[in-house]
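> Before anything else, here's the structure in question.
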Amino acid sequence: MLNNPIVTLASLQNLWPEITVLLGAFFVLAVDIPLRADKEKGVVAWSSMLALGLALALLLRDWNSALSPAFPGMLLGGRLAQAARLVLLVIGALTIALSRRPATRLGLVHAEYYALLLFAIAAMMVFVASANLIVAFVVLETFSLAMYVLAGFNRRDRANREAALKYFLIGAFAAAFFLFGIAIFYGVTGSVSLETLPELLKNLASDDPRRRMLMAALGMLLVGLGFKVGLAPFHLWAPDTYEGAPTPVTAFLSAGAKVAGFAMMAQMSLYFPFSHPAAVTMLGWLAVATMTLANLGALRQQGIKRLLAYSSVAHSGYALVALAGGAPSAPGAVLNYVLVYAVMNFAAFSLLLMLEESGSPVTFKEIQGLGFQRPFFGFCLAVTMFAMAGIPPTAGFVAKLNVFKSALEGGRSTLLVLAVLNSVISAAYYLRVLVALYMAPRTETQASPAFGGLTGAVLLACVGLILAWGLFPAPLLSLSAF
Amino acid sequence: MILSFLAWSPLIFGLGILAMPRGDGKGLRWASLAASFLNLALAAFLLTRFEGGKAGMQFEEIRAWLPSWGIKYHLGVDGISIYLLVLNAVLTPIAILCSWNAVTEKVKEFHFLILMLQTAVYGVFLSLDGFLFYLFWEASLIPMYFLVGVWGGERRVYATLKFVLYTLGGSLLMLLAMLKLAFIAKEQTQAFSFSLSTWKSLSLSADAQSWLFVAFFLAFAVKVPLFPLHTWLPDAHVEAPTAGSVLLAGVLLKLGSYGLMRFAVPIFPDAAVLFQRPVMVLALISVIYGAAMVMVQSDLKKMVAYTSVSHMGICVLGIFSLNLPGQQGALLTMINHGISTGALFLIVGIFYERIHTRDLSLYGGAVLKMPVLGLLFLPVALSSMGVPGTNGFVNELLVLRGVFRFNPWTGAFAATALVLGAAYMLRLTQKVMYGPLASHKMEELTDLRPREIVTLGAMVILIFVLGVFPGLVLNSSEAAVNAGLLDLLRSGPSGI
């Protein structure tokens, strides 16, 4: 084997972005040693940002050459993985930008916070490109562990601890499902690589029982991933964890986990027979249950953060609608949707962070009448809510339309009608936010959002993207044309 | 370019108004009034350049927008849409004028939203690309949502949410149907297309036509509104500020009937014939039910709101009689209803500004206090009843001719139903305007101010002009309506 070494420098080349992020994490930990604890440390944040920037540059430099897999059998190449890695890097940078201002208040000043974030991002980037399910499992656990700690990072806060514990217990449970899925997969195929699947399927008779076993494996893997991205009925941890975790971490949990999880599902859809009736039924029901339960749950919420948690689950449901369609355009549509979701998500969470500046949780009461008092803030929140509800001319509309288009290509009309009805329900609670913002009288507890710094920059960038992609969708759609 | 300019200039002016200093609001009002008059002048210019006798689209603009999905920025105007554009141009300054004293808070935002609404409505009437049409269609929701929700009455939040959710539900189904049409276009022409002309030329199976027609029809029927999807309308109207009501009745409801005429019927001719009877029945129920509801209301504004249900039922009767007099009558109904119901809402607003109640039992003998209003009220009421000499007469006559040609029994029934319209309008006029002063509230009434005389007077002039010269609209729309019906004849089964 010596003359055919698995690791060559050339194969490492495709992994430079991940390696850079990891090195950045170690650097952050090292640079922190001589610094005083519990104090705002700009150097830590800026060096993690720099690491992400470098990784982004490396990824873009090798954009075309990285299309071939880095370690054949272990990692996948291809545009889908490339796009997902790009999005994850951007999500990481946005999270760090959001963490700066409230760092002292939320106890996010420690270098470990940034290191864990970078570890999670690097692991997610490998995850979305894994061909080998064992590799996938290892990195899944890596980023999950990092995220459990992040969710409870402000350990003096009771809600934080609760959030982390819930997330950890249910996450561990989900990992077991994922592992079980891998076991069944191995039992059927004799391999743990996704890439062996098409070859095997070609030789299987259409009524071969192994096909059904594969569906069982797919089901288990989907349950495992479903916990991560928050698919009903595996979403019950989400509201509490999202609400309890420090707000920048919540933004990262919802966007990062969603991009990683759905990119992996999209990858799987390229290999697993998603058109099998069992898969079609499974995905369809998951999508319907997720959308409906989340939207109905969101209708009753008073807290904005909790509302966003339910909304995040509902958006997982919409993304799954595309996968359930099983059309060739599905992976692109899914990735497109989670990308746009990530943008809307960061817009929403940067707004929430501004509102939370005073430290108290934000409910509908606190934003009453803010819209006219702070016109620009109100405008940004209104655009974000319209985008989340999928109303044009926003990127949310384009992404949803793209999902619908893909599902229609797969011929899932009934599912689509249900998705549309769900969109109407969801509009009800997004519009309630605007009712409070513009149509309700001021209250004494009204928040006074602090617009400025990096949080403001994130908000401007995200709202700008939402509107630009909404008016000129061509660049957005070409990002996800695989 | 003239169409783009016509459509987008209100929004651009609106953005300019947003940038203006707040002041006491007077500057903002004058600026938006000037903007709307400039736009009216542009619309008038377009009208003079428009060639009435032609059937096809004029002043077309086509630009690629999203080539991979076959979506184009495609505008055009023909005999069907030209007067609806003018209606939109006329009603916007009137909406601004009637809010002169009524809207005192957030004046800047109010005028921005009115102008934004004007752009969205222009877009709907001008779009010849389904996707573009949908964008403007949804965009028209946003300003109305805020107009009702922020400047509305007590139950404004309930009313505005109901309005948006009803409309959104219907229109999302239409969006799915549009996507499906784009896919069918891809199958038949190898390229995605949202172009109206491509959609019309597709050969659709009877089954597909029925399903897609229903999806389109639901979206439009909610907007029209047709019984039993009308329940949002009374709520929205009652809670809306006067300008909101005028625009809602005047132009927004027409988006629905225009959609039926431009999209639902021409794209799915077989389905239109197939569903002709059930739709006619629903429309007849709307006419009668709307009229019956008017009679039992105790709220003045709700009464006027239900007259809209009744009148728009007449409009749908005309469209679905699927013949020339019926559809021309329907088109005329759209314009006339915009004027006469707009005027009625103006009058309700004039009363409400003075005595702050809409309770009908407190009204009576207003003419004693407001002789000028008495003079202007009568033509409006007569127009709403459809008395000869006013605009309402011509369109009802044409629709009835169309319905009789479809089926004499339905025609007879519809004619009887129209008597109800006369009944409730007479009752309304008598109760509000004549008799002795009904309550101490009526003592507080003062006669019209010059601004109100101008707005209401303009509407009355339009009522008589269109009553005496209906040919203005009919001549320029005949070719276009006929062309649509010929298509129907060509592709639909024989016997229409």
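The values are calculated or read from the model by the stated rules, or taken from the named source; none is laboratory data. Keep in mind that what you see is a predicted model, and the values were worked out from it rather than measured. Here Cβ is always computed from backbone atoms with ideal geometry, including for glycine, and neighbour counts include all displayed protein chains.
> If I filter segment B:55-63 for residues that are within 30 Å of A:Lys405 (Cα to Cα) and assigned to a helix (DSSP H, G or I), do I get at least one hit?
no
> Follow-up. For the list (1) crowded, with 23+ Cβ neighbours inside 10 Å; (2) at positive phi, I need the number of the one condition that B:Ala305 fails.
If we test B:Ala305 against (1) crowded, with 23+ Cβ neighbours inside 10 Å; (2) at positive phi, just (2) comes out false.
> A further question follows. If I filter segment A:176-193 for residues that are buried (at least 24 other Cβ atoms within 10 Å of the Cβ), polar (S, T, N, Q), out of contact with any Gly (no Cβ under 7 Å at 6 or more places or on another chain) and at negative phi, do I get at least one hit?
No, because not a single residue in segment A:176-193 is buried (at least 24 other Cβ atoms within 10 Å of the Cβ), polar (S, T, N, Q), out of contact with any Gly (no Cβ under 7 Å at 6 or more places or on another chain) and at negative phi.
> So which of B:Val148, B:Val124, B:Val164 is touching a residue at least 40 places away in the same chain (Cβ under 8 Å) and out of contact with any Gly (no Cβ under 6 Å at 6 or more places or on another chain)?
The conditions single out B:Val124.
> What is the one condition in (1) in contact with a Gly (Cβ under 9 Å, 6 or more places away or on another chain); (2) under 26 Å from B:Val468 (Cα atoms); (3) surrounded by 21 or more Cβ atoms within 10 Å (Cβ to Cβ) that B:Ala381 does not satisfy?
Condition (1) is where B:Ala381 drops out.
> Could you please find all residues in segment A:454-467 being of a type in the set (A, V, I, L, M) and either within 14 Å of chain B (Cβ to nearest Cβ) or touching a helix residue (DSSP H, G or I) at 6+ places or on another chain (Cβ under 6 Å) (or both)? Don't jump to the end; show me each part of the working.
Step one: list which residues in segment A:454-467 are of a type in the set (A, V, I, L, M), which gives A:454, A:457-461, A:463, A:465-467.
Once the filter is applied, which keeps residues that are of a type in the set (A, V, I, L, M) and either within 14 Å of chain B (Cβ to nearest Cβ) or touching a helix residue (DSSP H, G or I) at 6+ places or on another chain (Cβ under 6 Å) (or both), segment A:454-467 yields A:Leu454, A:Val458, A:Leu459, A:Val463, A:Leu465, A:Ile466, A:Leu467.
> Quick one: B:Ala120 ticks every box in (1) within 9 Å of chain A (Cβ to nearest Cβ); (2) of a type in the set (Gly, Ala, Ser); (3) touching a Pro at 6+ places or on another chain (Cβ under 8 Å); (4) crowded, with 24+ Cβ neighbours inside 10 Å except a single one, so which number is it?
The failed condition is (1).
> Now for a different question. Of the residues in segment B:53-78, how many are away from chain A (no Cβ under 14 Å) and of a type in the set (Lys, Arg)?
Residues of segment B:53-78 away from chain A (no Cβ under 14 Å): B:53-62, B:74-78.
Now narrow it down to the ones that are of a type in the set (Lys, Arg): B:54.
Total satisfying the criteria: 1.
> Follow-up. What helices (runs of 4 or more DSSP H) lie completely within segment B:374-448 and have 1 or more residues being farther than 30 Å from B:Arg354 by Cα and touching a residue at least 12 places away in the same chain (Cβ under 8 Å)?
Where helices (runs of 4 or more DSSP H) fall fully within segment B:374-448 and carry at least 1 residues being farther than 30 Å from B:Arg354 by Cα and touching a residue at least 12 places away in the same chain (Cβ under 8 Å), they are B:391-406, B:408-433.
> Can you tell me which residue in segment A:392-416 is farthest from A:His315 (Cα to Cα), limited to those that are β-branched (Val, Ile, Thr) and modelled with pLDDT of 90 or more?
So, considering only residues that are β-branched (Val, Ile, Thr) and modelled with pLDDT of 90 or more, the one farthest from A:His315 (Cα to Cα) is A:Thr394.
> Being assigned to a helix (DSSP H, G or I), more than 17 Å from B:Ala34 (Cβ to Cβ) and of a type outside the set (Gly, Ala, Ser) is true for just one of B:Leu117, B:Leu97. Which residue is that?
Going through B:Leu117, B:Leu97 in turn, the sole match is B:Leu117.
> Still on this model: Sort through A:Arg158, A:Arg210 and tell me the only one that's over 30 Å from A:Ala103 (Cα atoms) and free of Cβ contacts under 8 Å to residues at least 40 places away in the same chain.
When all the criteria are applied, what remains is A:Arg210.
> Something else now. Somewhere in segment A:377-398, is a residue over 16 Å from A:Ala347 (Cβ atoms) and in a helix (DSSP H, G or I)?
First, pick out the residues of segment A:377-398 that are over 16 Å from A:Ala347 (Cβ atoms): A:392.
Those left that are additionally in a helix (DSSP H, G or I): none.
Within segment A:377-398, not a single residue is over 16 Å from A:Ala347 (Cβ atoms) and in a helix (DSSP H, G or I).
> If you check B:Ile319, B:Ile335, B:Ile314, which single one turns out to be surrounded by 20 or more Cβ atoms within 10 Å (Cβ to Cβ), at pLDDT 90 or above, closer than 20 Å to B:Thr92 by Cα and touching a Leu at 6+ places or on another chain (Cβ under 9 Å)? Break it down into steps so the answer makes sense when it comes.
Working: B:Ile319 fails: closer than 20 Å to B:Thr92 by Cα; B:Ile314 fails: closer than 20 Å to B:Thr92 by Cα.
Exactly one residue qualifies, and that residue is B:Ile335.
> Which residues, taken from segment B:7-41, are crowded, with 17+ Cβ neighbours inside 10 Å, of a type outside the set (Gly, Ala, Ser) and modelled with pLDDT of 90 or more?
B:Pro10, B:Leu11, B:Phe13, B:Asn39, B:Leu40
> How about segment A:277-295: which of its residues are under 21 Å from A:Gly390 (Cβ atoms) and either crowded, with 18+ Cβ neighbours inside 10 Å or touching a helix residue (DSSP H, G or I) at 6+ places or on another chain (Cβ under 7 Å) (or both)?
A:Leu283, A:Gly284, A:Leu286, A:Ala287, A:Val288, A:Thr290, A:Met291, A:Thr292, A:Leu293, A:Ala294, A:Asn295
> Does segment B:251-262 contain any residue that is under 25 Å from B:Thr119 (Cα atoms) and of a type in the set (Lys, Arg)? Talk me through it step by step, then tell me what you get.
Taking segment B:251-262 first, the residues under 25 Å from B:Thr119 (Cα atoms) are B:251-262.
Okay, now just the ones that are also of a type in the set (Lys, Arg), so B:254, B:262.
Within segment B:251-262 (the criterion being under 25 Å from B:Thr119 (Cα atoms) and of a type in the set (Lys, Arg)), the answer is yes, since at least one residue qualifies.
> So B:Thr357 clears everything in (1) more than 26 Å from B:Tyr258 (Cα to Cα); (2) in a helix (DSSP H, G or I) except one condition, right? Which one?
Looking at each condition in turn, B:Thr357 falls short on (2).
> Separate question: Provide a single number: the residues in segment A:429-453 that are within 14 Å of another protein chain (Cβ to nearest Cβ) and surrounded by 15 or more Cβ atoms within 10 Å (Cβ to Cβ).
12
> Same structure, new question: Quick one: in segment A:414-428, which of the residues that are surrounded by fewer than 19 Cβ atoms within 10 Å (Cβ to Cβ) and more than 9 Å from every other protein chain (Cβ to nearest Cβ) is nearest to B:Glu187 (Cα to Cα)?
Among them, the one singled out is A:Thr414.
> Moving to a separate point now. Does A:Gly411 satisfy being over 25 Å from the mean Cα position of the chain (by Cα), more than 9 Å from every other protein chain (Cβ to nearest Cβ) and closer than 26 Å to B:Ala177 by Cβ?
The answer is yes for A:Gly411.
> Do we find a residue being in a helix (DSSP H, G or I) and within 19 Å of B:Met442 (Cα to Cα) anywhere in segment B:320-335? Outline the logic, then answer.
Just the residues of segment B:320-335 that are in a helix (DSSP H, G or I), to begin with: B:320, B:324-335.
Checking which are within 19 Å of B:Met442 (Cα to Cα) leaves us with none.
So far as segment B:320-335 goes, no, none of its residues is in a helix (DSSP H, G or I) and within 19 Å of B:Met442 (Cα to Cα).
> Next question, about the same structure. Could you tell me whether segment B:238-255 includes any residue that is surrounded by fewer than 20 Cβ atoms within 10 Å (Cβ to Cβ) and either without any contact (Cβ under 8 Å) to a residue 40 or more places away in the chain or of a type in the set (Val, Ile, Thr) (or both)?
No, segment B:238-255 has no match at all.
> Can B:Leu344 be described as over 17 Å from B:Ser81 (Cβ atoms), touching a residue at least 40 places away in the same chain (Cβ under 8 Å), crowded, with 24+ Cβ neighbours inside 10 Å and of a type in the set (A, V, I, L, M)?
Answer is yes for this residue.
> To continue, here is another question. Please go through segment A:188-214 and give me each residue that is touching a strand residue (DSSP E or B) at 6+ places or on another chain (Cβ under 7 Å) and not aliphatic (A, V, I, L, M), ordered by number.
Matches in segment A:188-214: A:Ser193 only.
> Conditions first: (1) more than 10 Å from chain B (Cβ to nearest Cβ); (2) touching a Phe, Trp or Tyr at 6+ places or on another chain (Cβ under 7 Å); (3) crowded, with 21+ Cβ neighbours inside 10 Å. A:Val398 passes all but one, so which condition is the exception?
Looking at each condition in turn, A:Val398 falls short on (1).
> Take the residues in segment B:133-157 that are more than 10 Å from every other protein chain (Cβ to nearest Cβ) and modelled with pLDDT of 90 or more, then tell me which one is farthest from A:Ala428 (Cα to Cα).
Just the residues of segment B:133-157 that are more than 10 Å from every other protein chain (Cβ to nearest Cβ), to begin with: B:133, B:140, B:143-144, B:147, B:153-155.
If we keep only those that are modelled with pLDDT of 90 or more as well, we get B:133, B:140, B:143-144, B:147.
Working: B:Phe133: 23, B:Ser140: 17, B:Pro143: 17, B:Met144: 16, B:Leu147: 17 Å.
Checked segment B:133-157; the qualifying residue farthest from A:Ala428 (Cα to Cα) is B:Phe133.
> If you don't mind, there's one more thing I want to ask. State yes or no: is B:Val246 in contact with a Gly (Cβ under 7 Å, 6 or more places away or on another chain) and farther than 23 Å from B:Leu486 by Cβ?
Yes: the conditions hold for B:Val246.
> Further question on the same structure: Which ranges mark the helices (runs of 4 or more DSSP H) fully within segment B:123-228 that have 1 or more residues being crowded, with 23+ Cβ neighbours inside 10 Å and not β-branched (Val, Ile, Thr)?
The helices (runs of 4 or more DSSP H) meeting that bar are B:130-139, B:141-151, B:156-189, B:206-223.
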